[in-house]
Amino acid sequence: MTDPVPPRGRSPWRPLSLTVRLVLGYTAVSLVMISVVAGLLHRGVYRNFEVEDAELLSDNIATLRRLIAEHPGDIREARELVMKSAASHQLEKLYGRLTDSGGRVILETPGTSSMLPPDGELPPPLPAGRLPKLPHEHHSPSGVPLFLAAALVESGRGGPPMVYHVALDIHHLDQWMNGYRRTLMLMCLGSTAASGLVGWLVTRRGLRPLKAITGAAQGVTARGLSLAAPIGAQAWPRELSALALEFDRMLDRLRQTFQRLSTFTADAAHEFRTPLNNLLGSTSLMLSRPRGIEDYRTLLESNAEEYQRLGQMIQSLLFLARADDSAMALKPDGVNAAEAIREVMDFFSALAEEKGVMLTGSGDGTLQADPGLLRMALTNLVSNAIRHTPCGGKVSLSFLADHGSRGGGVFTVEDEGGGIAAAHEAHIFERFYRVDESRTVSGSSGSGLGLAIVRTIMQLHGGGVSLTSHPPAGSIFRLHFPGVA
Amino acid sequence: MRILIIEDERRSREFLAKGLAENGFVADTAEDGQAGLYLIEDRQYDLVVLDVMLPALDGWGVLRAMRAKGIETPVLFLTARDTVPDRVKGLELGADDYLVKPFAWAEFLARLRTLLRRGPARQAEVIRLADLELDLPRMKARRGGKVIDLTAKEFQLLSLLARRSGDVLSRTLLAEQVWDMNFSTDSNAVDVAMGRLRRKVDDGFSRRLIHTVRGLGYVMEDREND
């Protein structure tokens, strides 16, 4: 088997496989979802620490305010608080600095000067009675991460309030958060990869029926246009069952067409064999011994007639083949029905008169049809009707416009030719079908393709041909032209 | 008149050449397109009969090459394929006429003569053949001075035969030209119409003008000993 040729005029890139598309989709979605969740987690944890540390700073400030308020002018207890601040917590050390309104340092935890940022970068102090809800995040000049708070402290003796700056060393928290972030990121990547992998497995599994249906279709070859069992009979996922059914239908149509084609070919070969046999037989007989010039002449004349019949048959077969192939372009036009009837009657009037058949025409109107093909269909029907109607009989050709549509109508060809038995009625429009099995009638008999051509012409017009027969009275053929709705 | 036949099928080539020679033409033959093209360039022909399917260089190629060189010799195409695109292609390339295989000799000769006659269209007003006289503008026919009563179609049929007297006209051609039925019919309607015309024209006269050529069609001519 050869690979199917990719459609031309498109980009040279093959479209991505369904599996790749689905897996990329799953992965992208899970990456986004997991990242959002991780981000929210990270934020929540950090906020929690901030609130806790703000409380720590608030406590410190409140305690200092209380100590100074309880002992105005005495800063010993306050000093004790500030001095031990740095030692009081193992992980998070506090550095405090109390200054008077002029900016002079009153108390200071050892090492504070290296921790607090320059005066300009310090946050504005909170007025008395207020405590920080959230700390300011800052860095010491040496790069240590800090939470900062500043507050005014009443001296208790009147006069301007003092300013208290306190910094919490949070480098442990920072380290911890870094580790936490790394863990979250790894989890993100890991679970995205995992969901991609699972997605791939699920997709492969999900698309397995597609592989199976392809495999089933591969079982069909032109040699055997059939499957052991119809594909549609198996259980398929809902999305594929329609495809499977359609595939079966297509196969069925193909098989029918194939069948028709091979029957047709066989019939055609047979039809050709008969006249060829006549030609070969009569010619070889003539050559078997010397004969007079008149004999040769007669044979050649008879042969020429046979050849012409063969040529006509080929032309009819080609017409049908092209119509089947839909290669024939219909050139519909407004046709005057009365004129079409007159033309056909003109052609057959001499023949009908000679045979003693009365040929009549009636009807008027305009219809949408290919003029040449319409004439061909009518000619075939009328020729057929005259051929089968005995002397003294009547053939009538008429048209009735269908006023429900634009350019639609029905042509009727009625003969008194004895009719067609019901058994033949269904097959009469088939190629090479003949009512009388013996093909002894020569000259006046048709090629067996006339009615098939009529049917094909009507199909090309989107209409149809029908037959009503009442043996032994006669037959009525009707050509239905749908017109334009 | 010199005619070149380019046809790879030996039998076709031979019978065409033989027939042309019998009808007083000088016929040259070529087996493939390339050889044919050399002959066309080398000699002066009045007409080229060209098969479409040829080895070396196909009929389209020969036609294209000769038209490109400014050789305007009329070309009659012979083809076994008569699809519409094929015809259109041939006419676009400058073919003058088209004949689909199989064809009868009479058909071929008639087309060939038409192509050779082509030029200033000189339509006679009155056609005379022996004692038959056709007045085309008035659609009147007389024989031996007596008016023949004809229908419009019969007059058309008669004038077609008279205009191409000497040519055998096939039933298909007559149906096409007179009744505009350009497809083959099983029916012998044409024969019957011809029979009636012949009775009107020839009955009562010792010299018959319309003749049946069995297997081929009809011809109108004034034969010496009939």
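The values are calculated or read from the model by the stated rules, or taken from the named source; none is laboratory data. Just so you know, these numbers come straight off a predicted model, no measurement behind them. When we count neighbours, we look across all protein chains shown, and the Cβ atoms used for this are built from the backbone with ideal geometry, even at glycine.
Could you count how many residues in region A:451-462 are surrounded by 21 or more Cβ atoms within 10 Å (Cβ to Cβ) and not in a helix (DSSP H, G or I)?
The number of residues fulfilling the criteria is 1.
Could you figure out which of (1) assigned to a loop (DSSP other than H, G, I, E, B); (2) at pLDDT 90 or above; (3) closer than 21 Å to A:F347 by Cβ isn't true of A:G392?
Evaluating A:G392 over (1) assigned to a loop (DSSP other than H, G, I, E, B); (2) at pLDDT 90 or above; (3) closer than 21 Å to A:F347 by Cβ leaves (3) as the failure.
Which count do you get for residues in region B:40-57 that are surrounded by fewer than 17 Cβ atoms within 10 Å (Cβ to Cβ) and out of contact with any Pro (no Cβ under 9 Å at 6 or more places or on another chain)?
7
One line per residue, one yes/no per condition, for (1) modelled with pLDDT of 85 or more; (2) within 29 Å of the chain's Cα centre (by Cα):
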position	(1), (2)
A:R205	yes, yes
A:L240	no, yes
A:F247	no, yes
A:D267	no, no
A:P290	yes, no
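Residues checked against (1) without any contact (Cβ under 8 Å) to a residue 24 or more places away in the chain; (2) out of contact with any Ser or Thr (no Cβ under 7 Å at 6 or more places or on another chain); (3) closer than 24 Å to A:N48 by Cα:
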{"residue": "A:L107", "(1), (2), (3)": "no, yes, no"}
{"residue": "A:P123", "(1), (2), (3)": "no, yes, yes"}
{"residue": "A:G158", "(1), (2), (3)": "yes, yes, no"}
{"residue": "A:T192", "(1), (2), (3)": "no, no, no"}
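What helices (runs of 4 or more DSSP H) completely inside region B:128-226 contain at least 2 residues that are under 30 Å from A:D370 (Cβ atoms) and within 17 Å of the chain's Cα centre (by Cα)?
The qualifying helices (runs of 4 or more DSSP H) are B:152-163, B:171-179.
Please go through region A:339-361 and give me each residue that is more than 9 Å from chain B (Cβ to nearest Cβ), surrounded by fewer than 21 Cβ atoms within 10 Å (Cβ to Cβ) and farther than 12 Å from A:V413 by Cβ, ordered by number.
Once the filter is applied, which keeps residues that are more than 9 Å from chain B (Cβ to nearest Cβ), surrounded by fewer than 21 Cβ atoms within 10 Å (Cβ to Cβ) and farther than 12 Å from A:V413 by Cβ, region A:339-361 yields A:E339, A:R342, A:G356, A:M358.
Just wondering, is there one or more residues in region A:102-113 that are surrounded by 15 or more Cβ atoms within 10 Å (Cβ to Cβ) and over 21 Å from A:L56 (Cα atoms)?
For region A:102-113, residues surrounded by 15 or more Cβ atoms within 10 Å (Cβ to Cβ) and over 21 Å from A:L56 (Cα atoms): present.
Across region B:149-171, what is the number of residues that are free of Cβ contacts under 8 Å to residues at least 40 places away in the same chain and either within 8 Å of chain A (Cβ to nearest Cβ) or out of contact with any helix residue (DSSP H, G or I) (no Cβ under 7 Å at 6 or more places or on another chain) (or both)?
5
Is it the case that some residue within region A:397-416 is in contact (Cβ under 8 Å) with a residue 12 or more places away in the chain and assigned to a helix (DSSP H, G or I)?
The answer is no, given that none of the residues of region A:397-416 is in contact (Cβ under 8 Å) with a residue 12 or more places away in the chain and assigned to a helix (DSSP H, G or I).
Here are the criteria: (1) within 22 Å of B:F25 (Cα to Cα); (2) away from chain A (no Cβ under 14 Å); (3) modelled with pLDDT under 85. Tell me which single one B:A106 does not satisfy.
(2)
Examine region A:309-323 for a residue that is over 23 Å from A:I457 (Cα atoms), within 14 Å of chain B (Cβ to nearest Cβ) and surrounded by 13 or more Cβ atoms within 10 Å (Cβ to Cβ), and state whether such a residue exists.
no
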